[in-house]
Structures are given as C-alpha cells and as structure tokens.
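S.K.: Before I ask anything, let me first share the structure, which is written out below as structure tokens.
The values are calculated or read from the model by the stated rules, or taken from the named source; none is laboratory data. Model, not experiment: these values are computed from the prediction. Here the Cβ is made from the backbone with ideal geometry for all residues, glycine too, and neighbour counts use every protein chain on show.
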Amino acid sequence: MQTLQANRVTLATLESQFGLTATGDRAFFNEWQTAAESITPQEQQMLDRVKANFDSLLKEPPLLEGAVKMVILSPLLDLAGFYQAPFRIRTEAEISIASTDEETGVVVRGAIDVLMLLERFWVLVTESKMSDFSLTKALPQALSYMLSSANRSCFGLITNGSDFVFIKLDQAEQPVYATSKVFRTYALTKRVKCGDSRIVS
C-alpha cells in the first residue's frame, strides 16, 4: 500500500479511498449557526488584544505556523475554556488511517497540531497554517485526521490566523462532512457553540 503524509492528501484521495463525501444539507452542521451568546467586556478586551497582536505581526509577513498557534490559536482556545476540566489537550498526536483495498489502497499518516478531548470524545481537531496559506489546502489534511477518530462524529478547526473554518465529520454509516462559513480575525466579536464547547469566532 502507498503511504501518504496527511499534508499531501487530496479530497479526491479521501473520497476514492475512504468513501468521504461532502453534504450540502444545512441541517447537518447547524452547531456553528447557533444563536450567539453575548460576551463580557473582559472577553472583548482579550479579543481586541488578540486582533491587535495579529495586526502588528502582519506588518512583516509571513506569519509562520508556530506564531499563528501562539498568537492567535492559543489565546482563543483559552478563552473558549478548553484548557480546563473536563477537557484535555494533546499536541502533535500521531494518526494513521488505511483504506481497505490492500492492492491499490493508501495509508495516511500525520500529526494533529492540537487535539481537544472530552473523556474519549474528540471535541476538536485543530490544524493551523502560516498566514498566507489557503485554508482549502488544509481541509483534506484536517479531514484525514478526523477520519482516524473512532467516534461517530467530531469537530475540526482550520486556521491561518486571519481566517477560521469549522468542520463537522459524521461516520455513522459512511464518512460525511460539512464546513462552516469563513470567520475572520478582524471580526472577533461573538461566540458560537460548537459541540460541547464554546468557540470564539
């Protein structure tokens, strides 16, 4: 079997080898459309600071992946409450998935940037990229990580610091996924619910 790194996987490969399909059913992924909760003045101050830090660093691009994690992703995950019980965090969690065809199949390997766990449930798989990286290129990589979950469904997040896209994957019968709209750093003004947690958008 051919071995592929997750960052080189295409949607076509995931579709042909793992049966992954996208759905246009708006009801499938309505978590990101849940009515927003109001935020406190203190939370708004933190969001403003994250945006100001990002704007400052963008004056001398590119903003590399490590900086995106540190400056943007980490404070937002903190604000969303992911660093406290009942959640657990794993970084660089290695995954491997194999298609069923032993002759023409593939094995996909990689390491998840950030994996948020609620007991054994994958609440959020996070993949971050450098600031000038297109999120469409990160989508297959994040989906390959999510396919390795033994849970029926899980959520993902891909970001390049300026843009954020949430993903939902359901594997009840065959793997089906959908994405949210694109959220942008310059509009850090509200919270949306995603699964069992609150994600800042």
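S.K.: Scanning segment 161-189 for residues that are closer than 22 Å to A27 by Cβ and among the basic types (K, R), which turns out modelled with the lowest pLDDT?
M.R.: Filtering segment 161-189 for residues that are closer than 22 Å to A27 by Cβ and among the basic types (K, R), the one modelled with the lowest pLDDT comes out as K181.
Conditions (1) over 29 Å from V176 (Cα atoms); (2) at pLDDT below 90; (3) not basic (K, R), marked per residue:
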{"position": "Q33", "(1), (2), (3)": "no, yes, yes"}
{"position": "A36", "(1), (2), (3)": "no, yes, yes"}
{"position": "I39", "(1), (2), (3)": "yes, yes, yes"}
{"position": "E43", "(1), (2), (3)": "yes, no, yes"}
{"position": "M70", "(1), (2), (3)": "yes, no, yes"}
{"position": "L77", "(1), (2), (3)": "no, no, yes"}
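S.K.: In this structure, is F18 touching a residue at least 24 places away in the same chain (Cβ under 8 Å), under 20 Å from F164 (Cα atoms), within 20 Å of the chain's Cα centre (by Cα) and surrounded by 13 or more Cβ atoms within 10 Å (Cβ to Cβ)?
M.R.: No, not satisfied.
S.K.: Tally the residues that are in a loop (DSSP other than H, G, I, E, B) and closer than 26 Å to G161 by Cβ, restricting the search to segment 21-53.
M.R.: Count: 6.
S.K.: Further question on the same structure: Would you check if there is a residue in segment 24-37 being polar (S, T, N, Q) and touching a helix residue (DSSP H, G or I) at 6+ places or on another chain (Cβ under 7 Å)?
M.R.: no
S.K.: Collect the residues in segment 120-144 that are in contact with a Gly (Cβ under 8 Å, 6 or more places away or on another chain) and either in a strand (DSSP E or B) or over 24 Å from F183 (Cβ atoms) (or both), keeping them in residue-number order.
M.R.: Matches in segment 120-144: V123, L124, V125, T126, E127, S128.
Residue-wise test of (1) of a type in the set (A, V, I, L, M, F, W, C); (2) out of contact with any Cys (no Cβ under 6 Å at 6 or more places or on another chain); (3) exposed (fewer than 12 other Cβ atoms within 10 Å of the Cβ).
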site: V9; (1), (2), (3): yes, yes, no
site: T13; (1), (2), (3): no, yes, no
site: V50; (1), (2), (3): yes, yes, no
site: L63; (1), (2), (3): yes, yes, no
site: T91; (1), (2), (3): no, yes, yes
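S.K.: Just give me the residues in segment 79-119 being of a type in the set (A, V, I, L, M, F, W, C) and part of a loop (DSSP other than H, G, I, E, B), in sequence order.
M.R.: Answer for segment 79-119, where residues must be of a type in the set (A, V, I, L, M, F, W, C) and part of a loop (DSSP other than H, G, I, E, B): A80, F82, A85.
S.K.: Follow-up. Only residues that are without any contact (Cβ under 8 Å) to a residue 24 or more places away in the chain, in contact with a strand residue (DSSP E or B) (Cβ under 8 Å, 6 or more places away or on another chain) and hydroxyl-bearing (S, T, Y): list them for segment 136-150, please.
M.R.: Those that are without any contact (Cβ under 8 Å) to a residue 24 or more places away in the chain, in contact with a strand residue (DSSP E or B) (Cβ under 8 Å, 6 or more places away or on another chain) and hydroxyl-bearing (S, T, Y): none in segment 136-150.
S.K.: Another question about this same structure. For segment 64-102, give me the residue count where each residue is without any contact (Cβ under 8 Å) to a residue 40 or more places away in the chain and not hydrophobic (A, V, I, L, M, F, W, C).
M.R.: Count: 13.
S.K.: Further question: For segment 21-37, enumerate the residues that are farther than 30 Å from T10 by Cβ and in contact (Cβ under 8 Å) with a residue 24 or more places away in the chain.
M.R.: T34, A36, E37
S.K.: Output the residues belonging to segment 28-42 that are farther than 18 Å from C154 by Cβ and out of contact with any strand residue (DSSP E or B) (no Cβ under 8 Å at 6 or more places or on another chain).
M.R.: If the condition is that a residue be farther than 18 Å from C154 by Cβ and out of contact with any strand residue (DSSP E or B) (no Cβ under 8 Å at 6 or more places or on another chain), then A35, S38, T40, P41, Q42 are the ones that fit.
S.K.: Is there a residue being of a type in the set (K, R), at pLDDT 90 or above, surrounded by fewer than 24 Cβ atoms within 10 Å (Cβ to Cβ) and over 24 Å from K51 (Cα atoms) anywhere in segment 143-152?
M.R.: Here is the first cut: in segment 143-152, the ones of a type in the set (K, R) are 152.
This time we only want the ones that are at pLDDT 90 or above, so: none.
No, every residue in segment 143-152 fails to be of a type in the set (K, R), at pLDDT 90 or above, surrounded by fewer than 24 Cβ atoms within 10 Å (Cβ to Cβ) and over 24 Å from K51 (Cα atoms).
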